[in-house]
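Just below is one structure, and these are the notes that go with it.
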Amino acid sequence: MSTLRKIIHIDMDAFYASVEQRDNPAFRGKPLVVGGTPQQRGAVAAASYEARRYGIHSAMPSRLAIQKCRDLIFAPPRFDVYKAISEQIYQIFLAYTDLVEPLALDEAYLEVTSNKLDIPSASLIARQIKVTIFEQTGLTASAGVSYNKFLAKLASGLNKPDGFCLIQPHAAEALVESLPIEQFYGVGKVTAERMHALGIRTGADLKQWTAIDLARHFGKHGHFYYQMAHGQDTRQVVPNRSRKSVGVETSFLEDLSDLDALVEQLGMLSKALQERLEKNQLAGHTLILKLKYADLQQLTRSRTVPELLYKAESLFLLGQQLLKSLPPDERRVRLLGLSVSNFSKEDESTIHTGQLTLEFT
């Protein structure tokens, strides 16, 4: 009989915004975003839960966010603080297992099938981690526990904020069938629209398709979607990765000169890049901005950071910094692109096999 792996996904709740609310009592309980103000032609990098109730989200131009909530508070990003807290949380993870795979400053996978403290219950470990994070940082985290990465990540998002969810093997099939297709890992807006056009709106709909038919419509990702529909995910928790890169770009029907318009396009590119990174199970350390002017001259700017980049809000925030670092130029812009490098594809080796001796918890 095969041993079921025990995977935990920890996701900090509105991490950047929660840090700002923790450190400034005047911000607590109020709609807040991390990012540049409308006067700075900025955009939202992260939004508190209070701000999200107004429909404010990451990559939204600040001028639009303030229209949705006139009392919105803008806090400039403090990456040094976020990185220090992230490292503190990472050390908490290492007390339980060396199999820790950070995805960004605010989330990570842990495999605890075997763990340093010989605790048989993954649920108990996840709850202990949540308590320790709160005791040491004053911040809440949501935890998902299951037997593979897809389900663990799904579980961590079901009861946010300060949530916990265990997806047992016997319950996984019914849960996956009930999911809207948009909640599937790696299914972004564009892919969801393509699936809707094919009559695929839930996990149950997706499960009716064969791997061959899905591959016909979605290429190499079709097999991955097939596995997700059946609650299967053989990806391992891999602390170390090899190097790869991927990017997205857009050419404009009419060349752009307005910075606000470029920032808005950058927000859409950031979301598209996140979708592409997730589809390929990639995250990296270097972001590259590409700009092509109407005279076809091309400029690039890049920045390397310690944390892994794959979330739209981080890509967008760093992309804005790169865009605004360019020298003033009156020329109109024909093309804008974003890409990530210094990352790798996750190992897709098979699930470990062995004698199952403990109930999954």
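Read the figures in this text as sums done on the coordinates, not as results from a lab. Keep in mind that what you see is a predicted model, and the values were worked out from it rather than measured. Here the Cβ positions follow ideal geometry from the backbone for every residue, glycine too, while neighbour counts run over all protein chains shown.
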Check: Given H placed 1.01 Å from N in the peptide plane, which residues other than close sequence neighbours of Phe343 have an amide H under 5 Å from its amide H?
Finding: Lys244, His285
Item checked: For the range 175-239, the fraction of alpha-carbon pairs in successive 5 Å shells from zero, as % -> 4, 19, 31, 29, 11, 5, 2, 0
Next item on the list: Please report, in Å, the Rg and the Dmax of the chain, where both are computed over Cα atoms only.
Entry: 21.0, 69
Check: Pairing the Cα long axis of helix 122-137 with the longest principal axis of the chain, what angle in degrees results, from 0 to 90 and rounded to the nearest 10?
Finding: 40 degrees
Check: Using r as the Cβ-Cβ distance of Glu254 and Asp118, and R0 as 56 Å, what FRET efficiency do you calculate, to the nearest 0.05?
Finding: 0.30
Check: Can you list the residues, at least 5 places off or on another chain, whose amide H is less than 5 Å from the amide H of Thr97, using H built in the peptide plane?
Finding: Lys116
Note to self: Quick check: residue separation of Ile212 and Gln40 times 0.36 nm, minus the Cα distance between them. What number comes out in nm?
What the structure shows: 56.9 nm
Margin query: Using each residue's phi in the range 157-169, evaluate 6.51 cos²θ - 1.76 cosθ + 1.60 at θ = phi - 60° and report the 3J(HN,Hα) Karplus result to the nearest Hz, with x for Gly and Pro.
Written below: x, 7, 10, 5, x, 6, x, 9, 8, 10, 9, 6, x
Next item on the list: Measure nothing fancy, just the Cα-based angle from helix 79-94's long axis to the longest principal axis of the chain, in degrees from 0 to 90, nearest 10.
Entry: 10 degrees
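Using a ≥ b ≥ c from the Cα gyration tensor of the range 244-343 (square roots of the eigenvalues), is it rounded, prolate or oblate, where a/c under 1.5 gives rounded and otherwise the larger of a/b and b/c decides, a/b for prolate?
Because a/c hits 1.5 or more and a/b exceeds b/c, the range 244-343 counts as prolate.
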Checklist line | Listed peptides 189-201, 129-141 by packing density, highest first (mean Cβ within 10 Å) | finding: 129-141, 189-201
Next item on the list: Name the shape class, rounded, prolate or oblate, that the alpha-carbon gyration tensor gives for the range 162-271, where a ≥ b ≥ c are the square roots of its eigenvalues, rounded holds for a/c under 1.5, and otherwise prolate holds if a/b is larger than b/c and oblate otherwise.
Entry: prolate
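Could you compute the FRET efficiency for Asp98 and Arg331, with r as their C-beta to C-beta distance and R0 at 56 Å, rounded to 0.05?
0.65
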